[in-house]
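Each remark here refers to the structure printed beneath this line.
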Amino acid sequence: MEENDQEFLRALHEEKIRTQNERAELVTTKLAFITVLFGLSSVNLGIKIADICWLLYFVPLVAISYDLYIMSADSRIKRIGIFLGRHPVSMAGKAERAWEQFCTTYRDGLAPSANMFFSIIVTLGAAIFIHSQQTWTQGYMRLWFSVWLVASLAVIIALWMRHKVLVRNIGNYKPLKRERLPSR
C-alpha cells in the first residue's frame, strides 16, 4: 500500500471519530435548546406568554434543522465504517472487519427513532401550548395552525424514513472486484 493510502485511511479513522463526537454534541445541543425554549414559559420576564407564544412556531424548524445535521453526521459515520470494513484497499484488520459487519447486521435503529420521536413530541408540545394561548377567532388562523402542524410532523417523519433508506443503502455497499495493480 502506498504511503498516500495509509495517510488517507488514517485520516478516515480520525474523521469517523470526529464525526461521532459531532453527532453526540448536536444531539445534546438539540435537547438543551428545546428545553430552554420550553423553559421560557416558566420564567417571569415581565412579558405575557401569549404575546411571545408565536416563537413556538419555530420549534419544529429548529428540531428539523438539528435532525438534518444529526442525520448527516450519522450517515457520514456509517459510510466511513462500511468503507473501512468492506473495501479491500482499506486493509482493515479482521477484528475491525468483523466489528463493522456486526454493526451492519445488528444496526441500532433506536437512536434515530428516539431523535424522531423527540422532534414529534416537542412539535406536539409546542402545538398544545400555542393552541392553549390562542383565541382562534379567525378561521384562517385555525387553517394556518393545522397546516403548520401537519406539515411539521410530515417533514419530521419523511426525513426519518429517508434516513432509514439511506442507511440501508450504505449497509448494502459492495466494493467492486477489480484486480489489484502491482505495486511500483
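The values are calculated or read from the model by the stated rules, or taken from the named source; none is laboratory data. Small disclaimer: the values here were computed from a predicted structure and weren't measured. All Cβ positions, even for glycine, are placed from backbone atoms using ideal geometry, and neighbour counts span all protein chains on display. What goes into the accessible areas is simple: the full protein's heavy atoms, side chains included, and nothing from ligands, DNA or RNA. Shrake-Rupley method; radii C 1.70, N 1.55, O 1.52, S 1.80 Å.
Which parts of segment 105-125 would a label at residue 173 reach, counting a residue when its backbone N lies under 17 Å from a point 7 Å out along Cα-to-Cβ?
Residues passing the 17 Å test: 105-108.
Leaving out ligands, DNA and RNA, and with a 1.4 Å probe, what % of the accessible surface on segment 129-173 is carbon or sulfur?
Heavy-atom surface of segment 129-173 belonging to carbon and sulfur, 1.4 Å probe: 68 percent.
Can you give the accessible area of residue 65 in Å² (nearest 10), computed on protein heavy atoms with a 1.4 Å probe?
The value for residue 65 is about 60 Å².
What's the local net charge at residue 104, with K and R +1, D and E -1, over the other residues with C-beta under 13 Å away?
Net charge around residue 104: +4.
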